[in-house]
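The structure under discussion appears below in the form of structure tokens.
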Amino acid sequence: MPIQIKVIMCYQTRLIKKKEEIQKRFQVDVGEVEELDSIELYSAFDFPKTPIITNQHKNKVQMFNWGLIPSWSQDNSIRKFTLNARIETLDEKKSFKGVIHNRCLIIGDGFYEWQWLTKSGSRKQKYLITLENDQLFTFAGIFTEWIDFDGHKISSFSMITTQANELMSEIHNTKQRMPVILKSDDEQNWLQGEDYQKFKFPYTNNLIANKINPNTSSQLELF
């Protein structure tokens with residue numbers, strides 16, 4: 001029988017731009033971030049440290065763990081359920097409603113998604129989703145801090161998702177979800193606490209989907 005692969009939105013991102021490009025694009029200090037290397041694939045279920053910009057420190061890049069751990073949590077096991085936060089229910093979920101105003105920009109230049117080619121999902125096509133010319137962009141996020149039982153502070157975040165736009169509905173054709181990818185003009189608005197409801201579908205950005213196949217190359221676009 002074919003191997004079944006569990007795929008949910010959005011748990012794999014890419015950041016291959018150099019530190020200097022990030023500094024220039026966002027006008028931020030990256031000097032203290034030693035781990036900021038080109039990463040072809042961040043896998044959320046590894047709870048990786050990922051570069052973000054918070055509304056508390058807008059002028060520098062920090063490395064926070066993917067998978068939000070609420071301050072009231074007894075341990076970090078909850079983080080596997082808080083990798084994504086649905087924008088439609090942010091103010092309803094206990095893990096998120098208290099930190100809605102803790103805004104962050106999650107830096108990336110791509111993310112991955114699979115299109116189901118069969119109803120069962122036994123065959124899938126992988127896509128890399130980017131902006132035009134592989135530009136740097138940001139995913140909308142929220143963050144918090146948690147103190148473990150040894151007194152160590154862990155800073156973590158959740159990526160905001162919304163209903164899929166036209167392009168992503170074709171690709172993420174099961175869950176029909178996508179991350180909120182901010183337009184560059186809206187990045188400061190997000191950080192400054194603008195009503196998050198304004199960023200849910202039909203809010204969208206111009207995306208390009210590149211089919212990942214070693215033998216062929218094709219592209220889908222939404223403008």
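The values are calculated or read from the model by the stated rules, or taken from the named source; none is laboratory data. Everything quoted here is computed from the prediction, not taken from an experiment. All Cβ positions, glycine included, derive from the backbone under ideal geometry; neighbour counts span all protein chains shown.
Name every residue in region 98-127 that is at pLDDT 95 or above, surrounded by fewer than 18 Cβ atoms within 10 Å (Cβ to Cβ) and of a type outside the set (G, A, S), in order of residue number.
Across region 98-127, the qualifying residues are I100, H101.
Go through region 154-169 residue by residue and tally those that are part of a helix (DSSP H, G or I) and within 13 Å of the chain's Cα centre (by Cα). Quick ask: steps written out before the conclusion?
To start, the set of residues in region 154-169 that are part of a helix (DSSP H, G or I) comprises 166-169.
This time we only want the ones that are within 13 Å of the chain's Cα centre (by Cα), so: none.
Matching residues across region 154-169 total 0.
Looking at region 55-91, which of the residues that are surrounded by 15 or more Cβ atoms within 10 Å (Cβ to Cβ) and among the β-branched types (V, I, T) is farthest from K18 (Cα to Cα)?
I78
Can you find a residue in region 151-166 that is of a type in the set (S, T, Y) and farther than 26 Å from E92 by Cα?
No: region 151-166 contains no residue that is of a type in the set (S, T, Y) and farther than 26 Å from E92 by Cα.
Does region 179-198 contain any residue that is touching a His at 6+ places or on another chain (Cβ under 6 Å) and at pLDDT 95 or above?
Within region 179-198 (the criterion being touching a His at 6+ places or on another chain (Cβ under 6 Å) and at pLDDT 95 or above), the answer is yes, since at least one residue qualifies.
Can you spot a residue in region 25-36 that is part of a helix (DSSP H, G or I), buried (at least 16 other Cβ atoms within 10 Å of the Cβ) and not basic (K, R)?
Yes, region 25-36 contains a residue that is part of a helix (DSSP H, G or I), buried (at least 16 other Cβ atoms within 10 Å of the Cβ) and not basic (K, R).
Given the options D185, D195, name the one that is over 28 Å from G98 (Cβ atoms) and either charged (D, E, K, R) or surrounded by 20 or more Cβ atoms within 10 Å (Cβ to Cβ) (or both).
D185
Restricted to region 73-87, and to residues that are in a helix (DSSP H, G or I) and either without any contact (Cβ under 8 Å) to a residue 24 or more places away in the chain or of a type in the set (G, A, S) (or both), which residue is nearest to R177 (Cα to Cα)? Even if it seems obvious, please write down each step before you answer.
In the first step, residues of region 73-87 are kept if they are in a helix (DSSP H, G or I); the result is 77-81, 87.
Keeping just the survivors that are either without any contact (Cβ under 8 Å) to a residue 24 or more places away in the chain or of a type in the set (G, A, S) (or both) gives 77-78, 81.
Numbers: S77: 24, I78: 21, F81: 16 Å.
Looking at the filtered set, the residue picked out is F81.
Within region 37-72, how many residues are among the small types (G, A, S), part of a loop (DSSP other than H, G, I, E, B) and within 19 Å of the chain's Cα centre (by Cα)? First the steps, then the outcome.
So in region 37-72, the residues among the small types (G, A, S) come out as 38, 43-44, 67, 71.
Retained after the next criterion (residues that are part of a loop (DSSP other than H, G, I, E, B)): 38, 67, 71.
Adding the requirement that they be within 19 Å of the chain's Cα centre (by Cα) leaves 38, 67.
Count: 2.
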